[in-house]
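A quick write-up on the structure given underneath.
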Amino acid sequence: MHPKHARKGFTLIELLVVIAIIALLIALLLPAVQQAREAARRTQCRNNLKQIGLAMHNYVDVHLTLPSGWVAVDSATSLPFVEGDNSWGWATMILPMLEQGPLYEGLDFRLSMLDAVHDDARVQPLNAFRCPTDTGPADWEIENETTGTPITRLATSNYVACIGTVEMEDCEGQPPGFVCKGDGAFYHNSRVKFRDMTDGTSNVILAGERSSKLDLSTWTGVVPEGEEAIARILGTADHTPNDPDGHFDDFSSYHTGGIFCAFGDGRVRFLSESIDLGTYQGLCTIPGGEIPGESPTLQ
């Protein structure tokens, strides 16, 4: 005979029901948790670009001009040379303004970026240049454009400055004396001032996102004879953001719906991937006279 107050255990059916309820709750809560995490990552990405934009403004305060897209000259003639010596890019020049003074002091701008003294600096990962939504590697190897031979390893970046609407491939293989000039705020040996932005600083993109979907970018500079070397640090407005027909040299991100961009007035705005191409290209240039004004595709 069973005790009067014997405890009754779970039946198999009751246990399965409990498990099903827990699984359902997890299925309902997981998307919300993921959305909250992505919202935090988007906030961090926006803040990164905000700091980059402010660093550019601080650079202007000191040097009265924006940093060059990249600096490169021919050592024999001292003429501008797209694939010449030095080759450091815009991001290296604002390192002190991003609390990276020790790294900046370790760079010798009189030497090539590929000099052995810079071996550690070239692969230095910097959170300021990484979007947390992008899961690309911390560093990668760039190869020779023609032979495919590895040249060097470079740290990854998810932010590139805007060269405008030019085709960067047209600048490859040019002789000394040729300047790869864009219609945006950053290009070869550029010295663009805010007063040059005739559309107004609030209507000019300085820098924006570049995802690792198609290939990898860097904060370091242009590697002479490297594969798509210029596009590793600069972006063009050949296609709208995240365009499925876009190329590596376009702007892109893993965010749903568009990309974050830093503008000349210091603001960071989210550009919808549905933005009109003409409006977008107007934002990416400094002298065109296009003033797009407020738009639902700009947030």
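The values are calculated or read from the model by the stated rules, or taken from the named source; none is laboratory data. The shown structure was predicted, so the numbers you read here are calculated from the model rather than taken from an experiment. Note: ideal-geometry Cβ built from the backbone for every residue, glycine included; neighbour counts use all protein chains shown. Each accessible area value is taken on the protein alone, full model and side chains, heavy atoms only, with ligands, DNA and RNA left out. Shrake-Rupley method; radii C 1.70, N 1.55, O 1.52, S 1.80 Å.
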query = Are any of the residues in the range 192-201 farther than 28 Å from PRO176 by Cβ, open to solvent by less than 50 Å² (accessible area, probe 1.4 Å), out of contact with any Ser or Thr (no Cβ under 8 Å at 6 or more places or on another chain) and assigned to a loop (DSSP other than H, G, I, E, B)?
reply = yes
key: Condition broken by TYR104, with the remaining ones in (1) on the phi > 0 side of the Ramachandran plot; (2) in contact with a helix residue (DSSP H, G or I) (Cβ under 8 Å, 6 or more places away or on another chain) satisfied   = (1)
request  = Kindly provide the set of residues from the range 101-135 that are assigned to a loop (DSSP other than H, G, I, E, B) and out of contact with any Ser or Thr (no Cβ under 9 Å at 6 or more places or on another chain), ordered by number.
outcome  = GLY106, ASP108, ARG110, LEU111, ASP115, PRO132
task = Looking at (1) touching a residue at least 60 places away in the same chain (Cβ under 8 Å); (2) among the small types (Gly, Ala, Ser); (3) over 23 Å from ARG269 (Cα atoms), find the lone condition where GLY106 falls short.
result = (1)
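Could you say whether any residue in the range 223-230 is within 24 Å of ALA55 (Cβ to Cβ), among the charged types (D, E, K, R), surrounded by fewer than 23 Cβ atoms within 10 Å (Cβ to Cβ) and over 12 Å from the mean Cα position of the chain (by Cα)?
Residues of the range 223-230 that are within 24 Å of ALA55 (Cβ to Cβ), as a first pass: 223, 229-230.
Among the residues that remain, those that are also among the charged types (D, E, K, R) are: none.
Looking through the range 223-230, none of the residues is within 24 Å of ALA55 (Cβ to Cβ), among the charged types (D, E, K, R), surrounded by fewer than 23 Cβ atoms within 10 Å (Cβ to Cβ) and over 12 Å from the mean Cα position of the chain (by Cα).
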task = For the range 172-191, name all the residues that are open to solvent by 10 Å² or more (accessible area, probe 1.4 Å) and farther than 18 Å from LEU283 by Cβ.
result = GLU172, GLY173, GLN174, PRO175, PRO176, GLY177, PHE178, VAL179, LYS181, ASN189, ARG191
query = Among GLU99, GLU83, which is open to solvent by 70 Å² or more (accessible area, probe 1.4 Å) and over 24 Å from GLY257 (Cβ atoms)?
reply = GLU99
query = Can you tell me how many residues in the range 126-163 are open to solvent by less than 10 Å² (accessible area, probe 1.4 Å) and under 11 Å from the mean Cα position of the chain (by Cα)?
reply = 9
